[in-house]
Amino acid sequence: MKPRLVLAGLGHGQLEILDRIEEIQKEYDVVLIGGKRTMYTGAFPQVIAGLMPSATVQSPLEPVAEHVISVDPQEQSVRTENGSFHYDVLVLSTGAKSRGVGTPLKPMSRELLDQIEGSQRVTIVGGGKAGVELAFVCARTKKVTLYASQMLRDVPVWRQKQMERLLVKSGVTVVKKKKDSSGDAFQLDATGVAPVRWWADSGLAVPDAFIETDESLRHRQYKNIYVTGDMASTLSGGVDAVRSGRYVAKRLLNETKRPFRTREAVNILLTTPGRALLTFGQFTWHGRLPYYVKRWIDSRYVRQYK
């Protein structure tokens, strides 16, 4: 009898595992808990900008339930709205949550996209890459206010100032202070992510903390639980989320015993029409080539999981 593998969530890491589902099903009885479809966050701004018709990707498996309510690592079961499901091996990819300063960006959905597209005025809170990119693309058709005490803190100061000038030139009202409460009709929370309560309630993490893993992305105490994406304290989402899924797929298929290593990632965000900002550590490049590279990467990813 095959061991049961439960895949909880449909994050980008999970999609990488599902990409090898035929191989994995030879070794495991696989159960998916999560939505049938999800939004690829990397292409979300392109849809807002009208550069792509859709950023929706989907799973090749039919889920048995949509939401994880809790996990019992002692009984090895996942509780959902459709009852509990036993697992021998569990892969968690349900994601973290937005911090709650306005309308959350996570999880991204068609409903959120419709809400953004239907709004004439948008307030964005957060000066990180997600907030800045959203401000640029929303400013093409809307009145945008961006609250950011510091903008793109990981890039050189001269580049921060250049991006601020371009935002203002694009019509964005930049307010250089924090905004902790929502008083606007439509305010997007781009301040980052926070832990979800059921992680601590299930004994997988301490309160208000991300889940600790070992060097193989397994839970430090429960070695039959893998953690991918921004749930893990050692990962930051983005490229690492995708890489973590590929790595776990190899672990499940006994293709590697090597530890997972995080690495500096290339990030590309849309700015003014026809241009994008590429960042890699302190290296930055703003121009047309990063724009075309981003469009190629995102469209290729969405086509792969249609």
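If only residues of the range 211-245 that are of a type in the set (Lys, Arg) and buried (at least 17 other Cβ atoms within 10 Å of the Cβ) are counted, the one that is nearest to LEU269 (Cα to Cα) is ARG243.
Please verify whether the range 33-52 includes one or more residues that are part of a strand (DSSP E or B), over 13 Å from TYR305 (Cβ atoms), in the same structural domain as LEU90 (by TED's automatic domain parsing) and within 21 Å of the chain's Cα centre (by Cα).
Going residue by residue through the range 33-52, those that are part of a strand (DSSP E or B) are 33, 37-39.
With over 13 Å from TYR305 (Cβ atoms) added as a condition, the list becomes 33.
If we keep only those that are in the same structural domain as LEU90 (by TED's automatic domain parsing) as well, we get 33.
Still in the list and also within 21 Å of the chain's Cα centre (by Cα): 33.
For the range 33-52, residues part of a strand (DSSP E or B), over 13 Å from TYR305 (Cβ atoms), in the same structural domain as LEU90 (by TED's automatic domain parsing) and within 21 Å of the chain's Cα centre (by Cα): present.
Pairing each residue of the range 188-216 that is at negative phi and modelled with pLDDT of 95 or more with any residue that is outside any loop (DSSP other than H, G, I, E, B) and among the aromatic types (Phe, Trp, Tyr), provided the two are 6+ apart or on different chains, yields C-beta distances under 7 Å for ALA205/TRP199; ILE211/TRP199.
Per the conditions (1) outside the structural domain of VAL132 (by TED's automatic domain parsing); (2) in contact with a Gly (Cβ under 6 Å, 6 or more places away or on another chain), the sole criterion not satisfied by ASP214 is (2). Scanning the range 262-279 for residues that are at pLDDT 90 or above and either more than 17 Å from GLN162 (Cα to Cα) or crowded, with 20+ Cβ neighbours inside 10 Å (or both) gives ASN267, ILE268, LEU269, LEU270, THR271, ALA276, LEU277, THR279.
Looking at the range 106-132, which of its residues are of a type in the set (A, V, I, L, M) and part of a loop (DSSP other than H, G, I, E, B)? Write out each step before concluding.
Applying the first criterion (of a type in the set (A, V, I, L, M)) to the range 106-132 yields 108, 112-113, 116, 122, 124-125, 130, 132.
MET108, the sole residue that qualifies.
For the range 91-105, the count of residues that are of a type outside the set (Asp, Glu), modelled with pLDDT of 90 or more and part of a loop (DSSP other than H, G, I, E, B) is nonzero.
Reported count of residues in the range 133-183, each being assigned to a loop (DSSP other than H, G, I, E, B), surrounded by 17 or more Cβ atoms within 10 Å (Cβ to Cβ) and not small (Gly, Ala, Ser), is 6. Taking the range 199-306 as the region of interest, the strands (runs of 3 or more DSSP E) fully inside it that hold 1 or more residues being within 25 Å of ARG99 (Cβ to Cβ) are 225-227, 267-270, 276-280.
The values are calculated or read from the model by the stated rules, or taken from the named source; none is laboratory data. Note that the structure is a prediction, hence the values are computed from the model and not measured. Quick reminder, even Gly has a Cβ in these numbers, built from the backbone with ideal geometry, and neighbours come from all protein chains shown.
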